[in-house]
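What follows is one structure encoded as structure tokens, with my remarks underneath.
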Amino acid sequence: MVERVSVIGLGAMGAPMAARLAGAGLSVRGFDRDAAKREACPWAVERFAEALDADALILSLPNSAVVEAVTAEALATARPGLLIVDTSTADPASTRRLQAQAAAQGVGFVDAPVSGGAKGAAEGRLLVMLGGAPDDRERARAVLAPLARAVLDCGGPGAGNVVKLINNLLCSAHLLLAGEALRMGEAAGLDAETLAAALAAGSGRSGAIEANLPAWVLNGAYDSGFTLGLMGKDVGLAAALDGLGPLAGATLAQVAAARARFADGEDFNRLVDAAWRDA
Ligand code: NAD
């Protein structure tokens, strides 16, 4: 049974996840290599080794290289029965290798990438795309329940990350297309807000038009908590999946162009601007 949970990576997603888990009555610890993140989190411990004394580790880390390094450190001292729940968006091939290494030591490892952003994490309304061995997926559900509005069983190890990467490729394509739509509308003399409101009610609507434009773009906020750099990582990983089509290839090129124009630390909704307004 999972009672003691440690969250590794206390960034935009990990910090609110730790708060949710503590609010659900679990015994929570957290660790981040950044001292400022540890100071800001009431559940943080000073040393990674202290965080390893847990029934489950929730990883919320930037990329597969970091997930691999942290998992190797955890497996060096892990007891059989530990469960590692990786909520980072990561390379499915790396996930499959880590799952096999962990299983050889009697440690469970699931990929559980999430959608819903920092707000979804704080409100326990994330969508979790779960991959892993069936027993591990079942055990992970209990620890994911306080974080999620839905936990989708995607299949074996890496399947959660495949779904998440395709989702973020689509999200990027929709944001770029929303920017092109605004550019075309303005070229015809239309007001962006009027056009966006009309498109949100039409059959060409998308999550980007319905949710992102009003929440983060048209009001100039650009404060979703998800960076362009992390989205660029996800689109690059998606492009490495088999079956890439021409629209996905064009999306990859346009995301690269946007990253040449905007810093990686900027909000990912800058993808709309990249297609909408000239530099
Ligand atoms: P973030 O950069 O805010 O947080 C990552 C944290 O990991 C940082 O605080 C960093 O200091 C810490 N870290 C890095 N290396 C470490 C190590 N070796 N040991 C311990 N801590 C370490 O990133 P984020 O936005 O919270 O995203 C985390 C993951 O979730 C990413 O894989 C991202 O793609 C994914 N994700 C983010 C969002 C979002 O809206 N922000 C949404 C869905 C998925």
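The values are calculated or read from the model by the stated rules, or taken from the named source; none is laboratory data. As the structure is a prediction and not an experimental result, all values here were calculated from the model. A quick note on method: Cβ atoms are made from the backbone with ideal geometry, for glycine too, and the neighbour counts reach across all protein chains shown.
Table: residues versus (1) within 21 Å of Asn63 (Cβ to Cβ); (2) of a type in the set (Ser, Thr, Tyr); (3) within 12 Å of the ligand (Cβ to nearest atom); (4) at pLDDT 95 or above.
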| position | (1), (2), (3), (4) |
| --- | --- |
| Arg96 | yes, no, no, yes |
| Ala104 | no, no, no, yes |
| Ala121 | yes, no, yes, yes |
| Val151 | no, no, no, yes |
Checked against (1) within 13 Å of Ser172 (Cα to Cα); (2) in contact (Cβ under 8 Å) with a residue 12 or more places away in the chain, Asp264 satisfies every condition except (1)
Verdict on Ala145 being modelled with pLDDT of 95 or more, more than 10 Å from the ligand (Cβ to nearest atom) and within 28 Å of Asp242 (Cβ to Cβ): no
Positions within region 1-11 being within 16 Å of the ligand (Cβ to nearest atom) and assigned to a loop (DSSP other than H, G, I, E, B), in sequence order: Gly9, Leu10, Gly11
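In region 53-75, which residue that is buried (at least 21 other Cβ atoms within 10 Å of the Cβ) and more than 28 Å from Val235 (Cα to Cα) is nearest to the ligand (Cβ to nearest atom)?
Result: Ala74.
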Within the group Gly225, Gly160, which residue is touching a residue at least 12 places away in the same chain (Cβ under 8 Å) and assigned to a loop (DSSP other than H, G, I, E, B)? Gly225
Of the residues in region 225-279, those that are surrounded by fewer than 19 Cβ atoms within 10 Å (Cβ to Cβ) and acidic (Asp, Glu) come to Asp242, Asp264, Glu266, Asp278
Restricting attention to region 203-224, which residues are within 12 Å of the ligand (Cβ to nearest atom) and surrounded by fewer than 16 Cβ atoms within 10 Å (Cβ to Cβ)? Asp223
Is region 25-39 home to any residue that is touching a residue at least 40 places away in the same chain (Cβ under 8 Å) and more than 9 Å from the ligand (Cβ to nearest atom)? yes
Residue in region 106-119 that is nearest to the ligand (Cβ to nearest atom), counting only those that are free of Cβ contacts under 8 Å to residues at least 40 places away in the same chain and touching a helix residue (DSSP H, G or I) at 6+ places or on another chain (Cβ under 9 Å): Gly116
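In region 12-24, which residues are part of a helix (DSSP H, G or I) and either over 17 Å from Asp53 (Cα atoms) or within 8 Å of the ligand (Cβ to nearest atom) (or both)?
Passing the criteria: Gly14, Ala15, Pro16, Met17, Ala19, Arg20, Gly23.
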